[in-house]
Amino acid sequence: MTDIRFDLIMTGNLASGVSREVAINKLAALFKRPPEQVGNLLSGKASRIRKNLTQAELQRYRDAFNNIGVITKVLPSATETSTPESKDAHSSTLSLCPNGTPVLSDAERQHPPISAPDTDHLSIADVGQTLSDEQASPPLPAPDIDHIKLAPAGDELLSPPRSRHVISPQTSHLSLCGVGTPLLDSKPEIKCRPPKTDHLELQ
């Protein structure tokens with residue numbers, strides 16, 4: 001019985017928000033390779049990672065790459081297997097194609113037409129021709145400085161501040177008390193009378 005097989009392609013791009021450094025470290029752990037050897041797989045170029053995969057194998061590999069944040073795509077495999085012996089002939093380990101190996105043929109690649117911009121309404125001006133038709137703005141009038149004059153060198157620009165007359169307070173009526181003299185007059189002693197409790201009884 002013939003099974004449909006698939007090829008797994010790594011596009012070289014990462015999902016939005018995925019750190020490239022983190023993805024390289026996880027990819028290196030998945031391939032069991034040093035990070036510097038798998039860094040080229042995330043350079044924006046497509047690489048064929050695995051060929052002749054079954055549906056179950058393809059889904060297992062895609063889940064692993066999706067968990068890392070690596071974008072992949074699937075192409076139908078060019079070879080199909082019809083016997084168990086041919087299925088066991090494929091290695092179970094991952095293998096990398098050499099860097100720069102073309103993944104798609106020229107017939108499989110999309111070549112969208114490049115539309116040139118419309119330049120029929122444009123023209124080239126002669127050398128020295130003024131590009132703008134607007135007249136130049138008239139120069140601004142010079143400011144009026146007839147009322148301004150220059151002071152001689154060394155002259156003070158600001159008038160000296162007016163001196164303020166300070167009035168000394170009158171202290172002739174004041175005197176100093178001797179050491180130990182109370183500052184406040186003595187207050188009369190107030191005696192508190194105890195309240196009368198003769199008419200009170202305890203119950």
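Bear in mind these aren't lab numbers, they're just calculated from the coordinates by the rules spelled out. Just so you know, these numbers come straight off a predicted model, no measurement behind them. Here Cβ is always computed from backbone atoms with ideal geometry, including for glycine, and neighbour counts include all displayed protein chains.
Under 8 Å for C-alpha pairs, at least 6 residues apart: give me the relative contact order for region 6-88, rounded to a whole percent.
49 percent
With a 10 Å Cβ neighbour count serving as the proxy for reagent exposure, in which order, fewest first, do 36, 189 appear? Please report the intermediate quantities before stating the final value.
Numbers: 36 9, 189 5.
The fewest-first ordering by Cβ neighbours comes to 189, 36.
How high is the FRET efficiency from residue 3 to residue 32, r the C-beta distance, R0 25 Å, rounded to 0.05?
That gives a FRET efficiency of 0.35.
What distance in nm separates the simple spin-label points at residue 186 and residue 165, each placed 7 Å from Cα in the Cβ direction?
4.9 nm
Just tell me which lysines come within less than 28 Å, Cα to Cα, of residue 196; anything on the same chain fewer than 8 places away is out.
187
Report the extension gain between residue 74 and residue 156 in nm, rounded to one decimal, defined as 0.36 nm multiplied by the number of residues separating them, less their alpha carbon distance.
Length gained, residue 74 through residue 156: 20.7 nm.
Fewest Cβ neighbours within 10 Å first, please rank 120, 63 accordingly.
120, 63
Could you run the Karplus curve 6.51 cos²θ - 1.76 cosθ + 1.60 with θ = phi - 60° over region 142-154 and give me ³J(HN,Hα) per residue in whole Hz, x for Gly and Pro?
Using θ = phi - 60°, the values come out as 5, x, 7, 10, 5, 7, 9, 9, 8, 7, x, 4, x Hz.
Check each of the trypsin sites (Lys or Arg not before Pro) in region 17-61 and keep only those in coil by DSSP with at most 11 other C-beta atoms within 10 angstrom; list them in order.
Those satisfying the criteria are 32.
Which far-off residues, 5 or more places away or on another chain, put their amide H under 5 Å from the one on residue 5, with H placed in the peptide plane?
Excluding prolines and chain starts, which carry no amide H, the hits are 77.
In debye, nearest 20, what is the charge dipole magnitude of region 3-49 about its Cα centre with +1 on Lys and Arg Cβ and -1 on Asp and Glu Cβ, if you could check? Walk me through the numbers before you get to the answer.
Values: 7 positive and 4 negative charges, 12 e Å.
In debye, rounded to 20, region 3-49 gives about 60.
If the chain between residue 59 and residue 40 were fully stretched, how many nm would it gain, using 0.36 nm times the residue separation less the Cα-Cα distance?
Difference between extended and current length: 4.5 nm.
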